[in-house]
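Step one of this worksheet: look at the structure below.
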Amino acid sequence: MQTISKKGIVVENLNGNVKVMIQKESGCGSCSSCGGCEIKPSYYTTFTNENLNPGDFVYLDSDVKTVNRLSYFTYLFPVFMMIFGAVLANTIFKDKFLDNNLLTVLFIFLFLAISIFILRMMDKRYENKDIITIRKA
């Protein structure tokens, strides 16, 4: 099993609920003003039984397959739903005397909203799962 690891610093520990600050790497490839962009840290909160104190270095580990599967679904599912909405609108209203373009746009937005609703439901389902584990560095 391949894992992704990110090093972070414990910011606070409230009875096992640990808040970890992760400093992102540069978002750019290599431009002429390298280092000119402000890189803001991100924060992750998780529960652990380990005795961690503020300032401790930790690693956040996650399975590569799980992260890739969830990322693909999060980014591609809305696109496929919008395409499905456009095709469905054009199929249903093909021979009707209605504005086909307007109905296509409305169906695209409707299916985008449906996909966001489904993603929010999935997010709540994954909320209590241990996708990311924490270990002391």
Helix-only [θ]222 nm of the chain, DSSP H runs n ≥ 4, -39500 (n - 2.57) each, per residue, nearest 500: -14500 deg cm²/dmol
Accessible carbon and sulfur surface of the chain relative to its total accessible area, %, 1.4 Å: 59 percent
Estimated vicinal HN-Hα couplings, Hz - region 89-95 in sequence order (Karplus 6.51, -1.76, 1.60; Gly, Pro = x): 5, 5, 6, 5, 9, 5, 9
Cβ-based charge dipole, region 64-125, positive-most Cα from L112, F93, Y72: Y72
Size of electric dipole in the chain: Cβ of Lys, Arg +1 and of Asp, Glu -1, about Cα centre, debye, nearest 20: 160 debye
Sites I39 and K129, calculated FRET efficiency, Cβ-Cβ separation with R0 35 Å, nearest 0.05: 0.75
Protection proxy ranking of 108-115, 124-131 - average other beta-carbon atoms within 10 Å, highest first: 108-115, 124-131
Out-of-range pairs (alpha-carbon distance over 19 Å; input K7/K129; K40/K124; K6/K65; K65/K136; K19/K40; K7/K40): K7/K129; K40/K124; K65/K136
Å² of accessible area per residue within the chain, as computed with a 1.4 Å probe and no ligands counted: 75 Å²
Per-selection Rg to Rh, region 64-125 - Cα, Kirkwood hydrodynamic radius: 1.14
Cβ crowding within 10 Å averaged over residues, with 19-25, 37-43 ranked highest first: 19-25, 37-43
Per-selection metrics, region 10-137 (Cα): Rg and Dmax in Å: 21.7, 68
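Using only alpha carbon pairs under 8 Å that are at least six residues apart, calculate the relative contact order of region 64-125 and give it in whole percent. Write down the numbers at each step before the final one.
On the way: 37 pairs, mean separation 24.2, N = 62.
Relative contact order for region 64-125 comes out at 39 percent.
Given a cut-off of under 8 Å on Cα pairs at least six residues apart, what relative contact order in percent is computed for the chain? Please list the in-between numbers first.
Values: 178 pairs, mean separation 38.6, N = 137.
28 percent.
The values are calculated or read from the model by the stated rules, or taken from the named source; none is laboratory data. Worth saying up front: this structure is predicted, and the values here are computed from it rather than measured. Backbone-built Cβ (ideal geometry, glycine too); neighbour counts: all protein chains shown. With ligands, DNA and RNA removed, areas are computed over all heavy atoms of the protein, side chains included. Shrake-Rupley method; radii C 1.70, N 1.55, O 1.52, S 1.80 Å.
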